[in-house]
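First up is the structure itself, then whatever we jot down about it.
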Amino acid sequence: MRLVTVRGVPVYLKKSWFVLMALVIVGYGLYLAGFPGVDQGRAFTISTTVALLIALGVLIHELAHAMAGLFCHRRIQYISMTLWGGVTKLSPGTAASSWVISVAGPLVNLGYAGLLYAVLPVLPETGLGTGVAIAADANLMISLFNLVPSYPLDGGHALEAFLTMITGRRVSAMIATAWVGLSLIPILVIVVIFFGLWRSTPMLALAAFLGWYIWSSSIPILKAFPHRGDSLRE
């Protein structure tokens, strides 16, 4: 379903996006309703506010990529909102333009989180205010997480572009970025052990997912280019 067109860039909502919204609103709402003193009205006001503001944050994030791409004279095919977030499809370009496009999304999310924090003092302490506060924290964490220098995150693509600008060898930059990502996994394990996060089942599951997320995105790069001597100049 086409949602809107921004400067010639069509934005689509996939059916899976509606599934994600329903899961967040209903699932998180029921979770909050289980706390003492939180009635269902307040719980679902919070969950709906969080879901919509995070969805808006994802859309703004992808629009930032697209607008940066247009600024760098890249052709933007579309933006798609799915179960897994957002995707901006654009044409290939220089390493410098790739760096600008990669960092644009997380930086705009930081500004969006700052805006949400700025409006909090004028909001009443109701479900709406609580939802905005949670959404601000979530957008801040999402933007910082996206800056982690690992595939498939924006930080990984920014690192690849930066190394390509320095060396002129894109494949070598991709391999180096993949190794940087893999090096973060043992650091993640140390953090989980040192801070006792392994005692919390949700935190342990989240850490395991993040490790798998980085591993599954970095290993294919190393398998695709097993010989470090390969190079590709942009």
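The values are calculated or read from the model by the stated rules, or taken from the named source; none is laboratory data. Please read all numbers here as calculations on a predicted model, not as lab measurements. Cβ sites come from the backbone with ideal geometry, for glycine too, and all protein chains shown count toward neighbours. Surface accessibility is based on the protein's heavy atoms, side chains included, excluding ligands, DNA and RNA. Shrake-Rupley method; radii C 1.70, N 1.55, O 1.52, S 1.80 Å.
Search region 164-222 for residues being of a type in the set (Lys, Arg) and part of a helix (DSSP H, G or I), and hand back the single one that is nearest to GLY93 (Cα to Cα).
Across region 164-222, the extreme among qualifying residues is ARG170.
Here is a list of conditions, (1) over 13 Å from the mean Cα position of the chain (by Cα); (2) open to solvent by less than 40 Å² (accessible area, probe 1.4 Å); (3) more than 30 Å from ALA43 (Cβ to Cβ); (4) at pLDDT below 95, and THR88 meets all of them except one; can you say which number that is?
Against the list (1) over 13 Å from the mean Cα position of the chain (by Cα); (2) open to solvent by less than 40 Å² (accessible area, probe 1.4 Å); (3) more than 30 Å from ALA43 (Cβ to Cβ); (4) at pLDDT below 95, THR88 comes up short only on (1).
Of these, SER143, SER102, which one is over 27 Å from THR167 (Cα atoms), in a helix (DSSP H, G or I), open to solvent by less than 50 Å² (accessible area, probe 1.4 Å) and of a type in the set (Ser, Thr, Tyr)? Write out each step before concluding.
Numbers: SER102 fails: over 27 Å from THR167 (Cα atoms).
Step by step, each of SER143, SER102 is checked, and only SER143 is over 27 Å from THR167 (Cα atoms), in a helix (DSSP H, G or I), open to solvent by less than 50 Å² (accessible area, probe 1.4 Å) and of a type in the set (Ser, Thr, Tyr).
Would you please list the contacts, defined by Cβ atoms under 7 Å and residues six or more apart or on different chains, that run from a residue in region 36-54 that is of a type in the set (Phe, Trp, Tyr) to a residue that is open to solvent by 10 Å² or more (accessible area, probe 1.4 Å) and outside any helix (DSSP H, G or I)?
Listed pairs, sorted by first residue: none to list.
Looking only at region 189-201, which residues are surrounded by 15 or more Cβ atoms within 10 Å (Cβ to Cβ) and either touching a residue at least 12 places away in the same chain (Cβ under 8 Å) or under 30 Å from GLU160 (Cα atoms) (or both)?
VAL192
Any residue that is touching a Leu at 6+ places or on another chain (Cβ under 6 Å), of a type in the set (S, T, N, Q), touching a residue at least 24 places away in the same chain (Cβ under 8 Å) and under 23 Å from ALA96 (Cα atoms) - is there at least one of those in region 168-180?
Scanning region 168-180, I find at least one residue that is touching a Leu at 6+ places or on another chain (Cβ under 6 Å), of a type in the set (S, T, N, Q), touching a residue at least 24 places away in the same chain (Cβ under 8 Å) and under 23 Å from ALA96 (Cα atoms), so the answer is yes.
Is it the case that some residue within region 70-84 is without any contact (Cβ under 8 Å) to a residue 40 or more places away in the chain and part of a helix (DSSP H, G or I)?
Within region 70-84, one or more residues are without any contact (Cβ under 8 Å) to a residue 40 or more places away in the chain and part of a helix (DSSP H, G or I).
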